[in-house]
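Below you'll find the structure, written out as structure tokens, and then a few comments.
The values are calculated or read from the model by the stated rules, or taken from the named source; none is laboratory data. Everything numeric here is computed off the predicted structure, so don't read it as measured data. All Cβ positions, glycine included, derive from the backbone under ideal geometry; neighbour counts span all protein chains shown.
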Amino acid sequence: MSYFSHDTAVIDEGCQIGDGTKIWHFSHIMPNCIIGKGCNIGQNVVVSPEVVLGNNVKIQNNVSIYTGVTCDDDVFLGPSCVFTNVTNPRSAVKRRGKYAKTNVGKGASIGANATMVCGNDSGEFAFIGAGAVLTKNAPDYSLLVGNPAKQIGWMSEYGHHLEFDNEGNATCKESGENYKLENNKVYKIA
């Protein structure tokens, strides 16, 4: 076994778990999910069947990731954030197999207690604030907060608010990396 799992964790048959991943207390990893290398899965986390997690995904305590969700490399999921997978759930109506897909892009962060309504993707390095309810796609590098979540700015890959000048240029105050805003899209300048 090339990963660590706490004695209280439940790992079902048919999972693929990458080298160096750590799975902590009372978490349940369900069949046919794929978990990349170097992930950290906190306490009381549920990873449902067929979920795909990239490398270096960090999941804090009390998170449920339901079938239909994929997270790319370097995603951060804050404590008690929630994913849904049915847009109109009813107890008496069976909708298995009709789960909406949700993707969290590379390097994105989902804040504590945020809710990701299914079918709405988070772009690369998007930052969904604590308690936000995402009801639309979040563009790459965007910062969204509130219920429903509204975009209030842009974030660097290091997680700092970007202040763009009149020519659409910004620099991350921690990394010194430069960014360009054009046509309401942000990209990092190489």
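Looking only at residues in region 60-83 that are within 13 Å of residue 111 (Cβ to Cβ) and hydrophobic (A, V, I, L, M, F, W, C), which one is surrounded by the fewest Cβ atoms within 10 Å (Cβ to Cβ)?
Ranking the candidates gives 82 first.
Kindly indicate whether any position in region 121-135 is surrounded by 17 or more Cβ atoms within 10 Å (Cβ to Cβ), at negative phi and charged (D, E, K, R).
yes
Can you pull out the residues in region 49-74 that are under 19 Å from residue 32 (Cβ atoms) and not in a loop (DSSP other than H, G, I, E, B)?
52, 53, 59, 64, 65, 69, 70, 71
When only residues in region 136-166 that are aromatic (Phe, Trp, Tyr) and surrounded by 17 or more Cβ atoms within 10 Å (Cβ to Cβ) count, which is nearest to residue 81 (Cα to Cα)?
141
Let me spell it out: the conditions are (1) in contact (Cβ under 8 Å) with a residue 24 or more places away in the chain; (2) outside any loop (DSSP other than H, G, I, E, B); (3) within 20 Å of residue 74 (Cα to Cα), and residue 112 meets all of them except one. Which number is the exception?
Unmet for residue 112, out of (1) in contact (Cβ under 8 Å) with a residue 24 or more places away in the chain; (2) outside any loop (DSSP other than H, G, I, E, B); (3) within 20 Å of residue 74 (Cα to Cα): (2).
State the number of residues belonging to region 147-179 that are closer than 14 Å to residue 125 by Cβ and either basic (Lys, Arg) or touching a residue at least 24 places away in the same chain (Cβ under 8 Å) (or both).
Qualifying residue count, region 147-179: 7.
For (1) buried (at least 17 other Cβ atoms within 10 Å of the Cβ); (2) among the charged types (D, E, K, R); (3) assigned to a loop (DSSP other than H, G, I, E, B), each residue gets a yes or a no:
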residue	(1), (2), (3)
7	no, yes, yes
25	no, no, yes
93	no, no, yes
99	yes, no, yes
107	yes, no, yes
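Let's see how each residue does on (1) under 23 Å from the mean Cα position of the chain (by Cα); (2) at pLDDT below 95; (3) not assigned by TED's automatic domain parsing to the domain that holds residue 110:
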position	(1), (2), (3)
148	yes, no, no
170	no, no, yes
175	yes, no, yes
178	no, no, yes
182	no, no, yes
185	yes, no, yes
189	no, no, yes
